1. Report the Stokes-Einstein translational diffusion coefficient (µm² s⁻¹, integer) for the stretch 32-130, Rh taken as the Kirkwood radius over Cα pairs, at 20 °C with viscosity 1.002 mPa s.
2. Which length gain, in nm to one decimal place, applies between Ser112 and Thr95 when the Cα-Cα distance is subtracted from 0.36 nm times their residue separation?
Amino acid sequence: MVQASPAKPGTMSWDCAAPSKWRHVNVRSNEPHKQLKLERASHTATVVDSCVYIVAGRKGSTFYADLLRFDTATHTWSVLCPAIPNGFRPRANHTATLVGGRQIWVVAGSDSEDVLGDVHVYDVPSGTWSKPQLTWVAACRGPVAPGG
């Protein structure tokens with residue numbers, strides 16, 4: 001069993017070697033501690049292969065706009081993008097959905113002032129971000145008056 005110091009923040013993760021039990025694992029990072037902000041809430045965690053991608057989130061009134069990756073095979077954290085480009089505002093309460101096994105679609109969210117309605121796409125193999133131009137079409141229409 002691998003043990004980690006409970007005094008160190010960010011040293012717990014789930015080890016797939018024992019899928020029915022939680023245990024402590026040693027976690028490594030080559031990132032400066034000030035960039036690797038693990039203490040957060042209302043973020044997303046999206047699994048792609050053996051990695052978990054963490055998008056944005058918040059700590060108290062501080063909102064993040066970053067992308068982190070945890071490699072479950074090596075137990076290593078990386079900051080892939082300290083500030084997501086293309087007008088990505090810091091946020092929490094968003095969604096991050098894996099599409100086609102290669103893209104993470106980050107949709108909506110909120111900050112301390114606004115509810116956001118934008119979409120950003122992270123292409124995992126290329127490591128690039130895009131902001132697609134979307135056309136919104138109403139999926140349902142309410143009752144329509146006669147002749148209208």
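A short reminder: the numbers here are calculations on the coordinates, not readings from a lab. Note that the structure is a prediction, hence the values are computed from the model and not measured.
1. On the way: Rh = 13.5 Å.
Answer from the Stokes-Einstein relation: 159 µm²/s.
2. Details: separation 17, 0.36 × 17 = 6.12 nm, distance 1.71 nm.
Full extension of this stretch gives 4.4 nm more.
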